[in-house]
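Just below is one structure, and these are the notes that go with it.
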């Protein structure tokens, strides 16, 4: 089977080396899967959130799915999963 390639940031990369990430309205990453787990942002969102009405609600609330290179994942999503991001802190401060 031919390898699927994607363009991210001007670079051509194999889809399997990338990551689909679900970001919340505060830009914190809430879910991630390898690029070859889905062929579109919509499919990845369905993998993360199986029920259509829940996906629709998330979209209205500002959630979105992005395809990131491995380096982008380490920089943008990794800290959220490792508990070292500032998104949750900023959101908590804004609601006080």
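The numbers here are math on the coordinates, done by the rules we state, and not lab data. None of the values given here were measured: they were computed from a predicted structure. Positions of Cβ are generated from backbone atoms using ideal geometry, with glycine treated the same way; all protein chains shown enter the neighbour counts.
The overall shape of the stretch 5-94 is oblate: from the C-alpha gyration tensor, with semi-axes ordered a ≥ b ≥ c, the ratio a/c is 1.5 or greater and a/b is no larger than b/c.
Counting every other Cβ atom within 10 Å of each residue's Cβ, 49, 12 order from fewest to most as 12, 49. Label-to-label distance, residue 54 versus residue 41, with points set 7 angstrom from Cα along the beta-carbon direction: 2.1 nm.
Helix 52-61 axis versus longest C-alpha principal axis of the chain: approximately 60°, rounded to the nearest ten.
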